[in-house]
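Accompanying notes for the structure given below.
The values are calculated or read from the model by the stated rules, or taken from the named source; none is laboratory data. Since the structure is predicted, the reported quantities are computational estimates derived from the model, not experimental observations. All Cβ positions, glycine included, derive from the backbone under ideal geometry; neighbour counts span all protein chains shown.
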Amino acid sequence: MYSQDKNATLNSEELLKELSNEACLCIDSIPTKDVRTKIIASKISRCIDNTVGAYQIGLSLKNIDLSGNDKNKQLNFNLNTDKNSAEYKENYSTIEKYLMANCGALKETLATNDVLNEKSISKNEKAMKAYHLGIAASRKENDKEAIEYYKEAIALDPEFAFAYDNMGLSYRKLNDIDNAIIAYQKSLTIDPEGAMPLQNIAVAYQYKKEFYKAIEAYKKLAELDSKNPEIYYGIGNVYAFNLNDQENGLDNLCKAYNIYTEMKSPYRTDAGTLIQRIYANLKKEGKEDKFFEILKNNNISVNK
């Protein structure tokens, strides 16, 4: 049961604007520098999810006669909270569409996560709807269903780069690495400067043990954004633990550690853990001095 509230006096457009503004403020508060790729998207979705219920309540109240003198009048109605329902999906899509058109914070946050280029997002509304249904399915770990939605989006807009990006991610989660790489390559054909597919194709090559291809993908990403710590973390990991090149690995991981620290990112602890592992390996080889030399060259001080 819900008591009468101010949403009851709002018409549908006013209600949508008010709740979307709340979602926009939520999105604007999302930290982006400390979050890995794709996690930002799930946080955006959570901000929207948090407003859908209120939007549904407001629409229900709008259709109920609230006349009378009893200010404490109680209302009974059914609220569909099933996120798989057509009603919920429609209301989610309505808020999302409004935000895409009116929320500057959403565009800025998306640009931080996946750099928006001309062909990143489709202008086809049906393609966008299928794309977001794919994201919703993937968020529920239903990646086979997600892939079908992404295929639908691509059929409607063959140059929809982000749909290929997410399709690749879903294939990778299903351990279908070959199809993941194909999806990332198609995305890069559409948008050669796509940061997300470059980073993820590098990870896919690691899964396939094609380590030099992984390094080349990271280096291409560095040409776009040399301050992305994931580049140096990835290269360092490959050199040190796949190619047994401890010194090259250490140098890159030190660079990642410094950038993470500058960003105040908790992921610097991951880089620190790998640096400690390299220290143990170099110590066994009698190369402790080389370890401290590389740290010094990267302005990292430690107590010997």
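Observations, loosely collected:
- Looking only at residues of the stretch 180-230 that are modelled with pLDDT of 90 or more and hydroxyl-bearing (S, T, Y), we find that the one that is nearest to F162 (Cα to Cα) is S187.
- When the stretch 178-228 is filtered for residues that are buried (at least 21 other Cβ atoms within 10 Å of the Cβ) and of a type in the set (S, T, Y), the ones remaining, listed by number, are Y184, S187, Y205, Y218.
- With respect to (1) among the basic types (K, R); (2) part of a loop (DSSP other than H, G, I, E, B); (3) within 26 Å of L282 (Cα to Cα), the lone exception for K219 is condition (2).
- If you go through the stretch 229-286 and pick out every residue that is closer than 30 Å to I30 by Cα, among the hydroxyl-bearing types (S, T, Y) and buried (at least 16 other Cβ atoms within 10 Å of the Cβ), you end up with 6.
- Matching entry among K107, K123, K151 (being basic (K, R), modelled with pLDDT of 80 or more, out of contact with any His (no Cβ under 6 Å at 6 or more places or on another chain) and more than 28 Å from Y207 (Cβ to Cβ)): K123
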